Amino acid sequence: MLEMLQFEFIRNALLGGLLASIACGIIGTYVVVKRIVFISGGISHCAYGGIGLGYFLGINPIIGAVLFSLSAALGIGIMSNKESQYEDTVIGVMWAIGMALGIIFVNLTPGYAPDLMSYLFGNVLTVPTSDIIIMGILDITIFTVVFLLYKEFLALCFDEEFTSIVGISPEILYLILLCLIALTVVLLIRVVGIILVIALLTIPAAISRMFTASLKKMMIMSVLLGVVFTTLGLWLSIVFKIPSGATIILTSGITYLICICYKHTFRQKFSSEHNLFKRKYRSIKESI
Amino acid sequence: MVEITQMKDEILRLENVWFSYNEVPVLERVNLSVKKNDFIAIIGPNGGGKTTLLKIILGMVSPDRGNVIFLGGSPGENRKYIGYVPQHFQFNFDFPISVWEVVLTGRLGHVGLFKRYTKKDKQIAAEALKEVDMYEFRDRQIGKLSGGQIQRVLIARALVTEPKLLILDEPTANVDKKASKKLYELFKEINKKIPIILVSHDIGFVNFYVNKVIYLNRRLYHQNSNELTYHYPEQKVVKGSTLKGLTLR
């Protein structure tokens with residue numbers, strides 16, 4: 001493993017995995033606790049339209065992806081605020097429009113798009129240094145915003161209604177959060193690809209949630225898990241000569257399943273107190 | 001036309017408020033006046049408009065007709081002076097947040113964006129937790145508390161906003177008899193400082209502790225006649241003794 005570090009593409013791949021893990025640990029935690037996994041899926045698939053546009057205009061596809069995922073985040077956020085009962089429809093429509101635009105742009109581009117597949121399924125081994133720099137900038141942006149708005153986001157995710165009563169607009173906060181998800185999605189595209197983004201965004205956070213009841217600890221644990229999954233997945237993919245993005249996802253997915261089994265076995269011990277409360281609540285609810 | 005002015009020591013005033021949802025009338029001709037030391041219970045059947053009335057007072061919904069005046073302004077502008085305790089079973093109890101963090105979110109409106117909670121905020125939060133007798137549970141995850149305890153935490157969160165009016169939506173819905181009694185004792189203490197409006201469909205305790213009971217089923221029926229009912233003679237005045245029969249019907 002160590003001698004592989006002399007190659008620049010390996011170093012970039014590891015660095016890319018690290019940068020992606022920071023963003024997905026922090027933002028993935030919000031996605032999981034606020035239960036907006038489907039929205040994140042919509043935003044990430046919309047990014048494909050931007051990648052197609054990037055090819056078409058001959059600019060870096062990642063820039064196109066940033067533009068498209070940010071507009072998708074704002075679009076979904078604004079429309080679902082107004083017509084809350086149609087939120088999932090809005091997401092589904094945006095999801096499909098983004099993909100369709102991408103396909104048409106790529107088709108209109110003369111010549112063959114060689115690394116298009118790497119945007120769909122990710123290939124961290126082909127990440128150029130320029131993209132690493134973009135990823136770094138995105139990471140700093142995400143970290144700064146979360147650092148500044150930590151308490152507001154915590155309140156928003158726990159109780160949106162109360163946030164508005166204390167005089168802070170939950171709509172605007174929610175839009176900011178969706179934009180951060182959009183940036184995170186772009187960061188992750190290079191590592192695992194558009195189609196697998198959801199997995200890396202949610203699995204580390206879902207695992208840490210099983211073991212901690214603090215949002216901050218969840219974030220730290222998710223970042224660490226992300227680093228472990230990307231590094232381990234990358235190493236396995238080199239050893240077995242299989243696609244890196246899919247290997248990273250399988251590594252995290254299998255770990256998640258093992259954790260669920262573990263948790264299930266020790267469930268009684270973990271949450272007997274909580275279950276007692278749930279049972280009491282149910283009986284009271286029935287008696288009303 | 002009645003002149004829109006608040007009387008002295010009147011905190012909240014609703015005048016001829018109408019509201020309908022998808023053309024179904026929810027509230028009709030609602031008048032209410034809340035003064036400094038009031039402890040008002042609003043009772044009534046499900047779908048009688050209780051939650052809608054609270055949302056109008058909180059300024060989250062505007063009425064189709066009529067006026068709401070809270071502290072001399074609209075409830076939208078002065079919303080942060082209302083301490084609100086929602087029905088607690090709408091929360092996700094698995095949420096990774098501690099009692100302490102929940103109570104501190106009540107200070108959000110005072111701290112300002114981008115800033116950390118100050119020593120003063122933490123002191124106020126600690127005092128509120130002591131007042132509701134939950135300080136020793138401050139590091140617990142919110143889901144690992146009983147119904148009555150969660151209610152106390154949410155009350156503490158409302159108190160740290162330094163409210164001029166406390167609104168509670170079904171505070172005892174998920175709480176056993178003994179804990180309910182303790183909650184009402186707590187409300188009585190809080191009521192020495194600020195007026196309270198509480199919505200409930202459990203009338204058992206309500207009568208012992210509150211000083212005004214109002215029955216809401218699309219219209220408000222005041223227990224004791226007051227000057228507002230006089231202006232609107234259609235509004236029935238219900239004597240305390242018949243109140244029980246009304247709610248059960």
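Quick notes on this one:
- Using a Förster distance of 45 Å, the FRET efficiency for residue A:37-residue A:3 (Cβ separation, nearest 0.05): 0.70
- Checking every one of the trypsin sites (Lys or Arg not before Pro) in segment B:40-129 against DSSP loop status and a limit of 13 other Cβ atoms within 10 Å picks out B:115, B:116.
- Subtracting the Cα-Cα distance of residue A:15 and residue A:217 from their residue separation scaled by 0.36 nm leaves 70.4 nm.
- Summarising the label geometry, the points placed 7 Å from Cα in the beta-carbon direction at residue B:181 and residue A:120 lie 6.9 nm from one another.
- Full-stretch length increase - residue B:24, residue B:62 - with 0.36 nm per residue and alpha-carbon distance subtracted: 12.1 nm
- DSSP beta bridges fully contained in the protein assembly as shown are about 55 percent antiparallel.
- Cross-link pairs exceeding 18 Å between alpha carbons, from the set B:122/B:181; B:35/B:120; B:144/B:188; B:35/B:212: B:122/B:181; B:35/B:120; B:144/B:188.
- Loop-located chymotrypsin sites (Phe, Trp or Tyr not before Pro) in segment A:30-139, at most 12 other Cβ atoms within 10 Å (DSSP): A:112
- Virtual spin-label span in nm between residue A:137 and residue A:171, 7 Å along Cα→Cβ: 3.1
- Gap separating the Cα centres of segment A:127-157 and segment A:93-122, nearest whole Å: 26
- With the simple spin-label model, which puts each label point 7 Å out from Cα in the Cβ direction, the residue A:160 to residue B:114 separation comes to 2.7 nm.
Quick note: the coordinates plus some simple rules give every number you see, no bench work behind them. Here the structure is a predicted model, which means the values were calculated and not measured. Cβ atoms come from the backbone with ideal geometry, glycine included; neighbour counts cover every protein chain shown.
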